[in-house]
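J.: What follows is a structure written as structure tokens; I'll ask about it next.
What follows draws every value from the coordinates through simple rules; no lab data is involved. Being a predicted model, the structure only gives us computed values, none of them experimental. Note that each Cβ is placed from the backbone with ideal geometry, even for glycine, and that neighbours are counted across all protein chains shown.
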Amino acid sequence: MKHGKIDYEGYFNGATADTLHNTRSATKTITALAIGVAIDTKVLPGVSAPAFAYLDDIKPANPTPLLQAITIEDLLTMSSALDCDDNSDASPGNEENMYPKPVWLRWAVDIGTRADYARDASGRGPWHYCTAGTFLLGQILQRAAKQPIDQFIIDHIFKPLGIAKWEFAKSLAGEIMTGGGLGLTTRDLGKLGWMIRSGGTPVVSTSYIHAMTTVHGHTGFPTGPNYGYLMWNRTYKTPCGTVDGWFMSGNGGNVVLVFAELDAVVVVTRTHYNSKGMHDQTIKLIEEEILPEISCQRAS
């Protein structure tokens with residue numbers, strides 16, 4: 001998309017413009033947007049609010065001081081004290097341990113905290129990728145809003161953007177997965193990307209989008225992406241120099257990428273799940289095939 005309009009659209013291997021794509025964790029960013037709406041509308045007081053204060057109806061097995069000190073911003077930035085790391089099979093909070101459970105929330109609040117957790121001078125804890133934390137954000141928000149989280153997202157994000165087709169993933173108990181797995185069309189993912197490019201209009205405040213797209217942590221991955229509020233950031237190579245991009249990213253090589261200085265949004269929907277090099281393939285596609293077409297046309 002350039003200047004708010006589709007510049008190129010292509011589908012392959014049987015997909016069409018109507019296909020609902022499971023972009024996995026790319027849709028974590030929608031949960032961050034929903035938190036922003038809740039803050040804008042005073043449903044939540046702010047990102048510094050204690051997260052577990054909203055989960056009084058389901059008491060954690062071990063309510064340690066570290067657990068009680070977790071804030072909404074800690075969960076948004078993947079820097080909470082939860083003993084949760086999806087990149088480690090040995091982690092008690094690895095998301096694969098959640099899916100077989102009939103009630104995900106019971107499991108998520110009982111993960112426990114990391115014995116070695118410590119905040120740095122800025123007050124931020126170490127970064128660990130944690131889907132359970134994003135699931136908890138959805139559960140927190142629906143309690144604060146007194147409304148099912150899927151309906152909150154539909155009313156405050158999908159309807160204002162004209163998104164009319166979706167498919168939420170659910171637990172056996174019917175809990176909505178706000179950590180990924182939401183099915184949307186490529187065009188509707190583009191609408192979400194363009195809304196972020198446009199500073200949040202008509203969904204959320206510009207100040208919150210600014211906070212979302214501010215670097216709050218460093219992931220330590222070889223490709224060096226940074227992290228905001230459930231959104232990634234990295235520098236891309238172009239024939240006309242480097243360009244900064246903020247993006248929604250998910251298993252399979254899925255990406256919704258915002259290039260503010262190019263006034264452009266790129267959406268790549270793929271199904272190369274759990275495969276080595278899937279994200280590198282998408283980066284190569286963007287840098288070698290897409291950016292050469294648009295990188296020299298800077299935003300006016």
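J.: Starting at the first residue of region 50-65, write each ³J(HN,Hα) from the Karplus equation 6.51 cos²θ - 1.76 cosθ + 1.60 with θ = phi - 60°, in whole Hz, x for Gly and Pro.
T.: Residue by residue, region 50-65 yields x, 5, 6, 5, 8, 10, 5, 6, 9, 5, x, 5, 9, x, 5, x Hz.
J.: Continuing with this model, one more query. With a 10 Å Cβ neighbour count serving as the proxy for reagent exposure, in which order, fewest first, do Phe12, Phe221, Phe168 appear?
T.: The fewest-first ordering by Cβ neighbours comes to Phe12, Phe221, Phe168.
J.: A further question on this structure: In nm, give the distance between the simple-model label positions of Ala173 and Asp57, each being 7 Å from the Cα along the Cα-to-Cβ direction.
T.: 1.1
J.: Along the principal axes of its C-alpha atoms, what lengths does region 1-77 span, in descending order and rounded to whole Å?
T.: Ordered largest first, region 1-77 gives principal extents of 51, 28, 20 Å.
J.: Take each of the peptides 174-187, 59-72, average the number of other beta-carbon atoms within 10 Å over its residues, and list them starting from the highest.
T.: Ranked from most to least packed, the peptides come out as 174-187, 59-72.
J.: To continue, here is another question. Would you mind computing Rg(Cα) / (2.2 N^0.38 Å) for region 175-300, counting N as its residues?
T.: Scaled against compact globular proteins, the figure is 1.04.
J.: Ranking request for peptides 286-292, 34-40: highest mean number of other beta-carbon atoms within 10 Å first, then the rest in descending order.
T.: Working: 286-292: 15.9, 34-40: 23.3.
Per-residue mean Cβ counts within 10 Å order the peptides as 34-40, 286-292.
J.: With +1 on each Lys and Arg Cβ and -1 on each Asp and Glu Cβ, and nothing else charged, work out how big the dipole of the chain is about its Cα centre, in Debye to the nearest 20.
T.: I would put it at about 420 debye.
J.: Also: May I ask which of Lys2/Lys28; Lys159/Lys276; Lys28/Lys284; Lys159/Lys237; Lys170/Lys276 have a Cα-Cα span longer than 32 Å here?
T.: Violating the 32 Å limit, Cα to Cα: Lys159/Lys276; Lys159/Lys237.
J.: May I ask you to list the aspartates and glutamates whose Cα is less than 18 Å away from that of Lys146, ignoring any residue fewer than eight positions away on the same chain?
T.: List returned: Asp40, Asp56, Asp57, Asp155, Glu175.
J.: Sorted from largest down, what three extents in whole angstroms do the Cα atoms of region 21-294 have along their principal axes?
T.: On the principal axes, region 21-294 reaches 54, 38, 36 Å in Cα extent.
J.: Report, by chain and number, residues whose modeled amide H sits under 5 Å from the one on Asn254, excluding near sequence neighbours (fewer than 5 apart, same chain).
T.: Arg270
J.: Once you treat every alpha carbon in region 44-172 as an equal point and sum by Debye, what is log10 I(q)/I(0) at q = 0.16, 0.17 Å⁻¹?
T.: At q = 0.16, 0.17 Å⁻¹ the computed log10 ratios are -0.83, -0.93.
J.: Considering the chain as a Gaussian network with a 10 Å cut-off on Cα pairs, which listed residue, Asp110, Asp280, Asp85, attains the greatest mean-square fluctuation?
T.: Asp280
J.: Could you let me know the centre-to-centre spacing of region 144-188 and region 44-79, using Cα atoms, in angstrom?
T.: Centre-to-centre distance over Cα atoms comes out at 22 Å.
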